[in-house]
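J.: Below you'll find the structure I mean.
A short reminder: the numbers here are calculations on the coordinates, not readings from a lab. These numbers were taken from a predicted model, which means no experiment stands behind them. So basically every Cβ, Gly included, is an ideal-geometry build from the backbone, and we count neighbours across all protein chains shown.
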Amino acid sequence: MDQWLRNLLLKKIKIKSCEIGILDILLVCGTTAAGILLRTTVMETTSIAHDVYMEYMLAIKVVSFVLEALLAVVMSAFTWQLTKNKTKTLCCYGLVFLLPTVAANGAMFGRGDVIYLVFAMCSLLCLVKEKRHTALILYALSVVCSNYAFFLLPVYILWFFKGKIKLLYLLWIPIGYTLKQILLQTVSLPILQVLAMQKDVRKDEGFLLSYHCPNVYQFIGADKFPIEYTQAGTVFTIGLVLMICIYLMKKNYEADHGNFILFSVFFCLFVPFFMPGMDERSLLLAEMLMVLYAMMYIRRFYLAIILSIVSYAAYSAFFRGGAVMPFSFFAFVLLGIIALIGYDLMVSEK
Amino acid sequence: MIDQLVRDFFYKKIKLGNVVIAVTDILLFALLTAGALYMRYALRNVVAGDYKVFFEPWVATLREAGGGFAGLAAEFEYVDYTTPYLTILSFISISPFLNTLLLMKIVSIGFDFVAAIGVLCFVYHEKKSTTAAVLAYGALLFAPTVVANGAMWAQCDIIFTSFVILSLLFIARNKTTTGMIFYGVAFAFKLQTLFIAPLYVILWVKKKIKIQQFLWLPIVYFIGVIPSWIAGKNLWELLTVYLFQANGEMDIYALSHKFPNIYQIIGTDVFLREYADAGIWLTLAALMFLLYYFAKKEYNMTNVLMVEMGMFFVMVIVYFLPHMHERYAILVDVLAIVFAFCRPKKLYVPVLVLVSSFAGYTVYLAQNNVVPLYVYAWIWLLLILDIASDIYRQINQNYKTAEITC
């Protein structure tokens, strides 16, 4: 009986060319069920009390939920592409589907950040699979959906200099951005109204340098010289990114999958850390990439967990109207993570 | 001449059964026991809030119903203890000696020593060193949370903890049936025993225990409720005490009850209903990942790895599960001591575990919050990550070694 049950658990079933174990199926089913139940428990929450928003809230949450599942599948496909390890692939699916920030973003917050995330991750996956044109089209779509996608721009530029992307393909980015601006200015769709409502959330907080984002402005005060520091901080960040890009262009590194993910994680952490006006959702893309990085390099797995907690603490500060811990502490933790990833980047010689 | 005699006396070794023990170890054992008893004596008069609010009225109710076995028929407005501990309280209620508070503390202190002996035997079984075993015995008896739990607070968490330790000891000695009976006894006392249940699942997958041995849990639990059933209580209610506890209705007012876990970082006071449910699903999901990985991987399950894994499971559960009380990590406190004496390089683990765990006790007992609990929550998180990486390394190292040997 004992052995029969053990064998059943560890039994492998062959579906076409793919071999999958009962334990694997149990994990996928279990994590999917837990992810669904997790979302249903917080579905009733309302983060933006506005009539127009309330009308579409459920629709946004349902669409987000479907796309979150899709994101988990894309991420697991990405992990498979990077590691060819079935255990890691299945774990990645579950981890992404159950990430508190991902679940909270859609089911609790009612934000649609998962849309740009899906496009961004599909774009990166296509780039890894060497479908470069498709990758850039998807990236442009990601930019259309959210400005957060710009965090990845330095990586695309670096990959262009490494001869992995054609200059022509990069044109999709300004095309996408211009299209977005035209749409915003001319077309009056309900979804755009909803997006405008979401921006109104910040009205009560005033103009700040950081909206619950644990970044450098938490050290100096998010409400000090907001207008001046916003301009200076933006230039400062762009300058820093440029310097790092030039350094990396000169550096002798392998343009492989590992470095691609490493660079992506680094810039997705670095830019929101220095850029003014960032909010609690700015670290979502970095979280996704950190999961991939952790899957590739298990020794860095703890960074994914810590980043996820820091990121969720930022969400929590929004939900409860203030943080339990001083935000400067979270900023220090994030700085530590950036330093470690930066160290990995420094030692990634050919 | 006398000098040498004294020296020889201290270094003398005595044979007790199969064990050769030095006089110094015996003296150390005696001194630690005396010290542990004195510490508990010093705390005898402390009256915690729980005693006034819960224990005293419960014992009074049992006394009114006749005490002893007859007292078990008593009708309570609210009680979340199972029959075995209520039986102890019922006999305490009619005891002609000492007062209720002291008797409750004496019972818990008795189990402090049972747990300490269990720890001693486990460490001796692993290290074959009487000195290490006696030191582990002393470390447990001097652990602040163990001392505070019973001797100060009059709580009984050490009872189930001591049975879990005995269970692991017997499993380590390959007496798995006895081990599972002890686990069943622990379960009959407290629901928190289930925090370590994932370890037993892994032990089954790794062929350390048999599936039918899990039946000891319901069997011993059922035997435990028989006195109350005979006294006239409803059997269904007796069997479903834990279901009432598990719904968390009594603890809904905060996501963490002074335990330094994730809720101290994100806030214990908002989205009480939502986070309570979401936290359960997240914890279950985390366990699924761990069970999947530990079950799938091929490695040699050593006794020390068993303790470490058990400690790890409990650490993860109390860190993510909502409504955890400051006392719920006592199993981690005890297992960390066993672990550190088996792997002395990891001595910092019980130190940090006890410091973090005791912080919660301090907030409750002394109403004191010098260092915010979120600081300890971060320490706990770092410990979880450290233990996780250690287990990962061991599992993979183990496997590689096995491959090389093959």
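J.: A:Arg6: net charge of surrounding residues, Cβ under 13 Å, Lys/Arg +1, Asp/Glu -1, itself excluded?
T.: After counting each charged neighbour, the total is +4.
J.: For the protein assembly as shown, what is the per residue volume of the convex hull drawn over the alpha-carbon atoms, in cubic angstrom? Please report the intermediate quantities before stating the final value.
T.: Values: hull volume 161.7 nm³, N = 756.
Once divided by residue count, the hull of the protein assembly as shown is 214 Å³.
J.: If we count every other residue with Cβ under 12 angstrom of B:Val19's Cβ, Lys/Arg +1 and Asp/Glu -1, where does the sum land?
T.: Its environment carries a net charge of +2.
J.: Straight-line reach from B:Lys258: which aspartates and glutamates have Cα under 20 Å away, leaving out those fewer than 8 places along the same chain?
T.: B:Asp50, B:Asp80, B:Asp157, B:Glu249, B:Asp269, B:Glu274, B:Asp277, B:Glu326, B:Asp333
J.: Leaving out same-chain residues fewer than 8 places away, which lysines sit with a Cα under 17 Å from that of A:Lys250?
T.: Partners found: A:Lys162, A:Lys164, A:Lys350.
J.: Separate question: How crowded by other chains is A:320-326, given as the mean number of beta carbons from other chains within 10 Å of each beta carbon?
T.: The shielding value for this peptide is 5.
J.: Once you have the Cα-Cα distance between B:Thr302 and B:Asn396, take 0.36 nm times their residue separation minus that, and quote the gain in nm to one decimal.
T.: 32.5 nm
J.: Would you work out the Kirkwood radius for region B:22-150? I mean one over the mean of 1/r across all pairs of different Cα atoms, in Å.
T.: Computed over Cα pairs of region B:22-150, the Kirkwood hydrodynamic radius comes out at 16.3 Å.
J.: Something else now. If you wrap region A:205-299's Cα atoms in a convex hull and average its projection over all directions, what's the area in nm²?
T.: 6.9
J.: Take chain A, connect every pair of alpha-carbon atoms lying under 10 Å apart with a spring to form a Gaussian network, then pick out the residue of A:Ala339, A:Ala120, A:Ala304 with the largest mean-square fluctuation.
T.: The residue with the greatest mean-square fluctuation here is A:Ala339.
J.: Could I ask something else about it? Considering every residue in B:287-293, what mean count of other chain Cβ atoms within 10 Å of its Cβ is obtained? Can you show the working numbers first?
T.: Details: counts 2, 10, 8, 0, 4, 12, 4.
Partner-chain Cβ atoms within 10 Å, mean over residues of B:287-293: 6.
J.: What distance in nm lies between label points placed 7 Å from Cα along the C-beta direction at B:Lys13 and B:Met250?
T.: The modelled label-to-label distance comes out at 5.1 nm.
J.: By per-residue mean of other Cβ atoms within 10 Å, what is the highest-first order of A:33-45, A:280-292?
T.: Ranking, from highest mean packing down: A:280-292, A:33-45.
J.: Can you pull a Stokes-Einstein diffusion coefficient for region A:269-317 at 10 °C (1.306 mPa s), Rh from Kirkwood over Cα pairs, as a whole number of µm²/s?
T.: 142
J.: Restricting to DSSP H runs of at least four residues, report the calculated mean residue ellipticity at 222 nm for chain B, -39500 (n - 2.57) per run over all residues, nearest 500 deg cm²/dmol.
T.: -21500 deg cm²/dmol
J.: Report the normalised scattering of region B:292-395 as log10 I(q)/I(0) at q = 0.11, 0.19 Å⁻¹, calculated by the Debye formula with identical scatterers on the alpha carbons.
T.: The computed values of log10 I(q)/I(0) come out as -0.34, -0.94.
J.: Which aspartates and glutamates, if any, have their Cα less than 12 Å from the Cα of A:Lys61, not counting same-chain residues under 8 positions apart?
T.: A:Glu44, A:Asp113
J.: Related question: If packing is taken as the mean number of other Cβ atoms within 10 Å per residue, what is the order of B:2-9, B:362-369, A:64-71, A:268-275, highest first?
T.: Output ranking for B:2-9, B:362-369, A:64-71, A:268-275: A:268-275, A:64-71, B:362-369, B:2-9.
J.: Then there's this: If I take R0 = 30 Å and measure r between the Cβ atoms of A:Gln3 and A:Gln81 in this structure, what FRET efficiency does the formula 1/(1 + (r/R0)^6) give, to the nearest 0.05?
T.: Values: r = 37 Å, r/R0 = 1.22.
That pair, A:Gln3 with A:Gln81, gives E of 0.25.
J.: Mind checking the mean number of beta-carbon atoms from other chains within 10 Å of the Cβ atoms in B:294-303?
T.: Across B:294-303, the average partner-chain Cβ count within 10 Å equals 2.
J.: Net charge within 10 Å of A:Ala103 by Cβ-Cβ distance, Lys/Arg positive one each and Asp/Glu negative one each, not counting A:Ala103 itself?
T.: That sum, taken over residues with Cβ under 10 Å, equals 0.
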